[in-house]
Each structure stands twice: as structure tokens, then as C-alpha cells.
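Down below is the structure, laid out as C-alpha cells.
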Amino acid sequence: MSLRRYLPHYVMIAPFMILFAVFFLYPIVSGLYYSFHAWNGVKPPEYVGLANYQKILLSREFSTAMRNLLTYVAITVPLGILVALGLALLVDSFTGRWANFFRNAYFMPVVLPAFLAATIWRWIYAPNFGLLNMMLGWFGAPSVNFLNDTGTMLYALIAVDVWVSAGFNMVIILAGLKNIPVELYEAARLDGANKWQQIVHITIPMLGPVLFFVVTYGLISAMQVFDKPWLLTGSSFTSYGGRRNALLFPVMDMMGRAFGSVRFGEAAAYGFLLTVAIVVLTAVMFGLRRWRGWA
Amino acid sequence: MTSQSLRRIPVWSLAKWGLALMIAAIALFPIWWMINVVFALPGEPVSINPRLWPTSIPAGIEKIHLIFTETDYLRAYGISLLYAAFTIAGVLLIGSLAAFEFALFEFPGRSLLFGIVMLSLMVPTAVTIIPTYLLTSQLGWLNTMRGLVVPGLASAFGLFMLVQFMRAIPKDMIEAARLDGASHIQIYRHVALPLCRNALVTLAILTFMQTWGNYMWPLIIGTKPEMYTVGQVVGLFNSPLSHQTVDMVMTANLLAAIPPLLFFLIFQRKIVEGIAMSGTKG
Amino acid sequence: MAFLDISSVSKAFGTLSVLDDVNLSIDRGEFVVFVGPSGCGKSTLLRMISGLETVSSGTISIEGEIVNEVEPALRGTAMVFQSYALYPHMTTFQNVSFGLRMAHRPREVIAKKVQQAAAILRLDKLLERKPAQLSGGQKQRVAIGRAIVREPRVFLFDEPLSNLDAELRVQMRAELMDLHKRLGTTMIYVTHDQVEAMTLADKMVVMNGGRVQQVGKPLEIYDDPDNRFVAGFVGSPKMNFLPAYAIDASSEGVRIGGIGGQAETVLPLFVPGLTGKVEFGLRPEHLSPLLGDAPQPEGGLLLEGKVKLVEELGAESFVHMDLVDGTRVTVRAGRDAAVTGGTFRASVDVRRALLFARDGQRVRGPSGSRK
């Protein structure tokens, strides 16, 4: 009786749940299994214990990738969100048609496929005839090979990243701004607060939950950065990471081990290592949120 | 009052407008520049034509014609469009069926199942991509449309978004339909779906953007040139080993940008709201 | 066998009991109103009749057939929701015809039935409008129209008028009564508003705490309530309850003392052995003001207190006074009774007074009558 009563519900969720189980839950479990095995996809997997993890942690590529990642995340996330916050406040100070225009203009880079952002910027960064070098030339500066000079590569990537992500975060922050009741600002004005004081004492605190989301989401996606550095360095599975691995990141390293060196067990283990790092970071963020008492 | 505001406008306001316009230029210029490169005679030195505005429309059209006839770009375009279309149809259908149940009905296991799916939003792609690839390959789906589409259909984000919308449908309305003799499927089809049309459109657009811009998955699933998507072709054209000219490469880039830009110009409000919602309600 | 029979029906959500052993029979064509405070289980009972809620134990039968396991749509019931539950994306025509269309009835049949319903409810000109373009009263009529086309054996109304403003509510009440007269179909109506219940009901079912407190015609319930809850719930302003105690009971009647702390009287009830604490129930209209030095009626009961508040409503006014023991008593007075303050006296029509035992049950004579 009760099964018959509930059957229609289960039938309706079945397609989703089955696909979810097969293409999400099963891969996680099988990935864990592979991570303890050496496997090249042809011969049967061979149990190796923690050897895969050990190998990754001891490899030079891993430490390079992690060092790059830490620098990258430490700069790109705060910078991207500061820019996004600035853009949101700027757009919010306009009204009507112009507010719309500026919002859409700043959002435009988000709309482009990520692979395209990288390829366009490759041309802008190109030595000699690239747009940026052309502009440097106007001021008589020497040409810089942005994507091949280990001193500039990371910053070139961060610039592209901010160019894309600022618009995305701006839209979310803008929605948060719209949710702040006008009465709060009116009350603050009656209390004699100036524009700057209003931003510091009302806008930022009221944006707490939204900023939390933006920062957390930004961190999680930055830790998995792949498309942009991959394409900026013109990588392929046999050669990636750019000059002296200056733009080598963990996901690139993982993909290289899987599809370049065909060591799937190692790549699966890499995925779990990265996940642990992301989970720890997310947990820290949520801990911070509880500590600061954001909703 | 007027005189006061007039006096105050220039300083602050001019700076604000200047800044806003400058940033708009930075945001838009790379796209504008891409268009200019395509619509310029090939081979003109930068010193003569700095590509600051389109200089030759026929040259651009000729390049587009050339890229479609001389390279495999047209096929990649078709593959990308099909990949997006199938994914959108599947995500919307499968997601709305499940969201209908999770949002509007009670059944044993409901919160548990929904909780697991929502938890998966926290799991990074990095951990699933390799094993999912291995599974797809074991199924013999490499270099097939199935392989591109099916593993991405159970979209937890899509489910989340549709459930949020469907929760707003009053229970009374579902009960009224039930009393009217509508079957479970009829309630889904005639009451729930029309009421969350906006959410479906928004999800369709976001899914399109996401699929069209997906680079990593097609890169490992479609290894044969016949299955290349726009992203892969653009990546190859731009690679250091590419033998394509700058003009061809930029044309490929521009054509890859057109569908999402077009979508954005038509549906800008829906896209912006969809993204804002995922951020503020998440 | 009655048309609709509810026998020993209970409902529990988990461990929370919502309805407890409800027994009720409803005749064909009756207008029945379930009334009670919120949370009394009246809506749940209605939803169980419709089939939207399952029955935990007991049976519900319509025309002799037990419907506990019958699909809601097949019970021959139609429901009008408090929120109207109109589909916002459909026109009036599509809303009204929804059930027929889902059942794939022929187009001409649908058109004819909708036309008939529209004529009854004066919806003819609104058929192409969507709910957002309709007023509250019009939405209400569309919701009723949707019920009518189903040609149900029973109409179920779940607080259908509570979203309307006061004036429209009175008007819709009249329309509903008129509709009931014309269709002659059984209607069950749920409300928390006892005035609405009094005006609409053929049969009124007063509920509280998941139990049926009393069933009867509105005036019977008003005049002859079974317990303190019903007495207090029905009628506005509320009945006055005065603490008192029974001194002794003889064949003459019960002698009650300490009414409101002071008065004493004999009630013509034969209840041997009744002693101890009781409550004395008096409706405001069964108290008459004694103005000025008017003499106290012979053998009657007199209450005296301090005036705390006078509500002047135009045709009548209500005087609220506090007796010596602090009991608040409301007295209905004519508008010529100019009361301003100070002490106030009212004589009691003892024959209309009700007596309640300590457990709240009504104390009646052996015949059960009040006369």
C-alpha cells in the first residue's frame, strides 16, 4: 500500500538519482579505489597502497604547482573580490539605463567562454605585435614577453582572471546591495554618517553573507584553476605548465599525469589530495563564518 | 537647491563617470579588438592599422567564409551546438522531474536523497573528473555524443535552482489539481512546469553558457578530430604549433564568442538574475 | 443511513493527535458548517473528507460507500480553497475547465459545462481573464466555478471568505446561500468565524481540541449549549461566566449561592446531589439594566458592579462592569440607558441562565430541557 502510494514519486526522481549515482557517486568510490592502485588503463590495476600519494607528495611538480597555486590564490581571490566590490558600488551609484549599461559592460567578459578569454589575452600579451606591447611601445618601453617571462607569467594570468571573475562576483554583490533596506542608510544619514562611513558601517557588514559566498566560491574555483593557464601557456598533455613550470597548477599536473603519462591511479590520488585541501579550506571558511557570526 | 547640486556635480560626478567609462573600456576592449582584427584586411601591419575599429567588412566576411569552408570549424560548431542542445534538454527534463518531487511532496528518503545531492555541490570537479572519464571510457563512450552529454545530466546546481523555484508553488494549487482529477504527470506537466517557466529559461541559458564554454570535458572525451568542439578547435588554433594565421585564429575566436554574446544581449536580465540568485540564496 | 457518515474517525500526525473519535452524519442537501478556533481539527476533517488527508482510524462513507481508500478525484467531492488555488498561468475558462480537460472530455461538453457554471456565477465576461486581472470576489467565484463543473456530490469549502474584506464577505455569504438553494447540493463549510457559521449553517458542528463539541441547528446551539466551550464560543459579545456554588438541590430546583461573590438564587433544575463549585452562564441580553432607583423585580436575581467600559454601537450598547469578586460582566443595554460610570445594576432573567459543572459540562434537568 505505502509503496504503491509513494511509487510515482520514486519513478519521477529515478532518472536524476540513477544518473547521479552512476556518474557522480560511483566515480568518487572508484576513484578512491584507483588511488591505491597503479593503473595505466590497459593492464589490470595493481595494488600499491599509499605509493601514489607518496609519489605525488614527493614530486617536484607537486611542490611547484602548490607554490604557484598558493601565490595565485592569495592574490587573485582578494584582488578579484575587491575589484568586484568596487565595481558593484560604482554601478550601484548609477541609476536606470546607465546602471544597466555599466553592469552589462562589466559582465560581458563573464559571458565569453573561459577558453576564449584565455586565447584573446594570449594575443593581447603577445610579444612585439600584441596589443599590450604595442601600447608599451607608445611610451617607448621595451617589449615584454608576458607569457614566457617567469617574472610576469603569474601576474598575466591573474589579470585575465580578474578581468573575467570581477564581473561575475559584481553581479552577486549587486544583488546583495539591493537587498539592504534603504531605511538603514536613511537612519545612518539622520545619524550624520557620511558616504564612506555608510559603506564601512552598513554596506560591508550587511554584505557579510554574500561576501562569504563570493570568497568561498572564489577560493574553491581558484584552487581548481585549469582552462586559463592551460591555454595561456599553449599546453598539451605532453607539454604543459609553461616556461619552467611557472604556470603549472595542481589540476594541470593531475591531468598531465592521467593523459600524458597515463598513470590513472596517481591522477585519482591527486584528485583526492586536492579535494582534501579544498575541504580543509572550506571548513576553515565556515569556521570563520561561525566565529564572526555571519548568517 | 539646483545651484548647489550644479556646483557639486563636476568634481565627484566627473571622476565617477570617468572611472566607470574607463573600466567599461577595459572590460569591452578585448572583445572589440577581436572584432576589429577580423574585420580588417589581412596582413596590414599594426603600425598602419592598429585595429582600433573595423576597417574592412568584406575582408571579415571573407575570413568567416574561409574558416567554414577550409577548416573543420563548421563541424566543431555543429558538435558544440548539439552538445549544448542535448545537455539543456536533458538537464531541464531530468532536473525538473526530480525538483517537482523534492520541492512539493513528502516521501520516505526525500530529505536524505536531496541532502546528498546538495552536498555534492561542495565536491570539487577535480576529484570526479578522472574516474568519470575512466567510467565513460569503460562504457565505450569516448568520442561519442553520449559520452559528452550523459555524464553531465544530473546537474546538482540545476536541481537546486529548480527546487528553489518550485518551493514557491502553493501546496493548495497542487491539491486543487489533484482534486480535479489530474494525474501526477498531469500536475507536473500542466501546473508545475508552466509555473516555473522563468526558472527553466534561466537554467537553460546558464546551461548553455556552461556547456558552450566547457573546455576540460570535451578535451578528454573527444580525442578524435571528428568530435572536436569549438573550444578544442579554438585551443588548437591558438596553440604554439598551430599553422593558422592570426586572422583565421581571431575569426575562430569571434565565432566562438557570438552565441553566448547573442544570448547575453537577448536574455541579459535572466542571466544576471540567475547568477545573482545562485549567489545570494546559496 | 445518512448521506455522508463519519464514524469514529481519528487522525494523528506521528504522535500528535489532531482528531479524536469524530462521529457525524450529514444528510443530503444540508449546509453543514464546521466551526471552531484555529487548530481544532476542522480543516483536517474537511481534508479527510476530500481525500487530501488520509484517515488514521475509523471510516468515512458517502452514500453508503466507504471512501477511505478512494482517490480524492473519484470521491465526488469538490473543494474551494482559502487561497482559491487558481492557476495563475491559465485564464478563467482554462481554470474552470482544468479537471475536464485533464480527463480528456469532449470539447463541446467542456464548453457547455463551463458556460453553465459561468452563467450561475456571472463569470461570462471574465472567461478570458487570468487570475491576476480578477478582483478578490471574482477569484472566489472562479474557484467555486471550478468546483461546480465537477458536478460533485459534496462541495467542500475551506475558509473561503477569509481573504475578502468585511463588506465583500457579507455579500459572498449571501451568494453562497443562494447558490446552495439553487443547486441543492450538500455543502460542508469550514470557518473560525462563528457569525459566519450562524448565518450559513443548516447544521453547525462546533469543534475544539480535535473533538466535536456539539452538533445542531445554529439557534439550538446558541440557546442550549452542551458545555462551557460551546457556550463561550458561540455568540458575540461572549456569554458571561460567573463563579458560584451549589448550596443544595431539592425538587424545587438548585439553590445557587455566591454568584459573582454575592447573589443567591434558585434555578428550576432537578439535579439531586449537586453541590460545590459551579459556573453560572448568562448572555449579555439576558441581563436588563436597572436604571436610576428602579425597583428590583420580585424574586429575581440582581447583579451590581462598577462600570468599567461602555461600548456604544448605535442601536444598542454594552456595559462592562466588575462585580465585587472582580468578575467582568457584559450587559446589553438600549441606547437610552445613558450610563457613564459609577455603580450599575442589572436584573437577571433566571429562567435563561445556564449552569455548568466544574468539568465544564452543562448541568441540565432530567428532561434535558431548559424550561
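What follows is calculated from the coordinates using simple rules that are stated; it is not laboratory data. Because the structure is predicted, anything quoted here is derived from the model rather than measured. Backbone-built Cβ (ideal geometry, glycine too); neighbour counts: all protein chains shown.
Please tell me which of these pairs span more than 21 angstrom C-alpha to C-alpha: C:Lys42/C:Lys203; B:Lys171/C:Lys113; A:Lys195/B:Lys16; C:Lys42/C:Lys277?
Values: C:Lys42/C:Lys203 14 Å; B:Lys171/C:Lys113 27 Å; A:Lys195/B:Lys16 14 Å; C:Lys42/C:Lys277 32 Å.
Table pairs above 21 Å Cα-Cα are B:Lys171/C:Lys113; C:Lys42/C:Lys277.
Per-peptide packing, taken as the mean over residues of other Cβ atoms within 10 Å, places A:60-72, A:36-48 in the sequence A:60-72, A:36-48 from highest down.
Ranking C:Leu52, C:Phe3, C:Val348 by Cα position along the charge dipole of chain C, where only Lys, Arg, Asp and Glu carry charges on their C-beta atoms, puts C:Leu52 farthest toward the positive end. Counting other Cβ atoms within 10 Å as a rough exposure proxy, the listed residues A:Val29, A:Val11, C:Val266 run A:Val29, A:Val11, C:Val266 from fewest neighbours to most. Rounding to the nearest 10 and keeping the result within 0 to 90°, find how far the Cα-based axis of helix C:166-183 lies from the longest principal axis of chain C. Roughly 70 degrees between the two axes.
Using equal-weight Cα scatterers in the Debye expression, the normalised intensity of region A:225-295 in log10 at q = 0.18, 0.24 Å⁻¹ is -0.72, -0.98.
Per residue of B:27-33, count partner chain C-beta atoms within 10 Å of its C-beta, then hand back the mean as an integer. If you can, show how the numbers build up before the last one.
On the way: counts 13, 5, 2, 12, 8, 0, 4.
Partner-chain Cβ atoms within 10 Å, mean over residues of B:27-33: 6.
Between rounded, prolate and oblate, where does region C:57-170 land on the alpha carbon gyration tensor, with a ≥ b ≥ c its root eigenvalues, rounded for a/c under 1.5, else prolate if a/b exceeds b/c? In terms of gyration-tensor shape, oblate. Checking the cross-link filter: which aspartates and glutamates have an alpha carbon closer than 15 Å to that of C:Lys308, excluding same-chain neighbours under 8 positions apart? Within reach: C:Asp322, C:Asp325. Per-residue packing, averaged as other Cβ atoms within 10 Å, sorts the ranges C:225-231, C:167-173, B:154-160, B:181-187 into the order B:154-160, C:225-231, B:181-187, C:167-173, beginning with the highest. Quick check: from the Cα gyration tensor, does chain A come out rounded (a/c under 1.5), prolate or oblate? Note, shape of chain A comes out oblate.
Using only DSSP helix segments of four residues or longer, with each worth -39500 (n - 2.57), what per-residue ellipticity at 222 nm results for chain B after dividing by its residue count and rounding to 500?
Values: 13 runs with 193 residues, N = 282.
After summing the helix terms and dividing by the residues of chain B, the value is -22500 deg cm²/dmol.
Projecting label points 7 angstrom from Cα along Cα→Cβ for C:Leu219 and C:Phe13 puts them 4.0 nm apart. Take the Cα of A:Asn40, step 7 Å toward its Cβ, do the same at C:Asp165, and the gap between the two points is 8.4 nm. Radius of gyration (Cα atoms) of the protein assembly as shown, expressed as a multiple of 2.2 N^0.38 Å: 1.30. When each of A:Phe286, A:Phe168 is scored by the number of other beta-carbon atoms lying within 10 Å, the sequence from fewest to most is A:Phe286, A:Phe168. Taken residue by residue and averaged, Cβ atoms of other chains lying within 10 Å of the Cβ of C:66-75 number 2. Shape analysis of region B:42-153 places it in the prolate category; the axes a ≥ b ≥ c from the Cα gyration tensor give an a/c of at least 1.5, with a/b above b/c.
Could you give the dipole magnitude of chain C about its Cα centre, charging the beta-carbon of Lys and Arg +1 and that of Asp and Glu -1, in debye to the nearest 20? Provide the component values of the computation, followed by the final result.
Values: 44 positive and 43 negative charges, 252 e Å.
For chain C, the charge dipole is close to 1200 debye.
For the peptides B:247-260, A:98-111, residues were scored by their other Cβ atoms within 10 Å and the scores averaged per peptide; the highest-first order is B:247-260, A:98-111. With a cut-off of 14 Å on the backbone N, the residues of region A:30-64 near the modelled label site 7 Å out from A:Ala277 along Cα-Cβ are A:56-64. Angle check, please: helix C:107-121 long axis (alpha carbons) against the longest principal axis of chain C (alpha carbons), in degrees 0 to 90, nearest 10. Roughly 30 degrees, rounded to the nearest 10. Taking every residue in A:216-228 and counting other chain Cβ atoms within 10 Å of its Cβ, the average works out to 3.
Each 10 Å bin from zero holds the following percent of Cα-Cα pairs in region B:91-148: 19, 33, 35, 13, 0. Taking N as the residue count of chain C, its C-alpha radius of gyration divided by 2.2 N^0.38 Å amounts to 1.19. Each Lys or Arg adds one and each Asp or Glu takes one away; over the other residues whose Cβ falls under 15 Å from the Cβ of B:Ala76, this sums to -1.
Figure the gain on full extension for A:Tyr10 and A:Glu61 (residue separation times 0.36 nm, minus the Cα-Cα span) and round it to one decimal in nm.
Details: separation 51, 0.36 × 51 = 18.36 nm, distance 4.72 nm.
Contour length minus the Cα-Cα distance gives 13.6 nm.
Relative to the longest principal Cα axis of chain B, at what angle does helix B:125-138 sit, 0 to 90 degrees, rounded to 10? Once rounded, the angle reads 80 degrees.
Report the full-extension gain for the segment A:Leu136 to A:Val262: residue separation times 0.36 nm, less the Cα-Cα distance, to one decimal in nm. Provide the component values of the computation, followed by the final result.
Values: separation 126, 0.36 × 126 = 45.36 nm, distance 4.31 nm.
Gain in length upon complete extension: 41.1 nm.
For region B:7-38, backbone nitrogen atoms closer than 16 Å to the point 7 Å from A:Leu79 Cα along Cα-to-C-beta are found at B:27. Net charge near C:Gln214: determine it from the other residues with C-beta under 14 Å of the C-beta of C:Gln214, scoring Lys and Arg +1 and Asp and Glu -1. Cβ neighbours under 14 Å give a net charge of +3. Rounded to whole numbers, the Karplus 3J(HN,Hα) couplings from phi for region C:286-296 are 9, 10, 10, x, 10, 8, x, 9, 3, x, 6 Hz, using 6.51 cos²θ - 1.76 cosθ + 1.60 with θ = phi - 60°, and x at Gly and Pro.
Proximity of backbone amide H atoms, modeled 1.01 Å from N, is registered between C:Arg153 and C:Thr77 at under 5 Å, excluding neighbours fewer than 5 places apart on the same chain. If R0 is 22 Å, the Cβ-Cβ spacing of C:Arg153 and C:Glu108 corresponds to a FRET efficiency of close to 0.35.
Compute the label zone of B:Leu19 within region A:133-177: residues whose backbone N is under 13 Å from the point 7 Å along Cα-to-Cβ. Backbone N within reach: none found. Here the Karplus relation 6.51 cos²θ - 1.76 cosθ + 1.60, evaluated at θ = phi - 60°, turns the backbone of region A:218-225 into coupling constants of x, 4, 4, 6, 5, 5, 10, 3 Hz, with x for every Gly and Pro.
Subtracting the Cα-Cα distance of B:Leu66 and B:Ala168 from 0.36 nm times their residue separation leaves 31.6 nm of extension gain.
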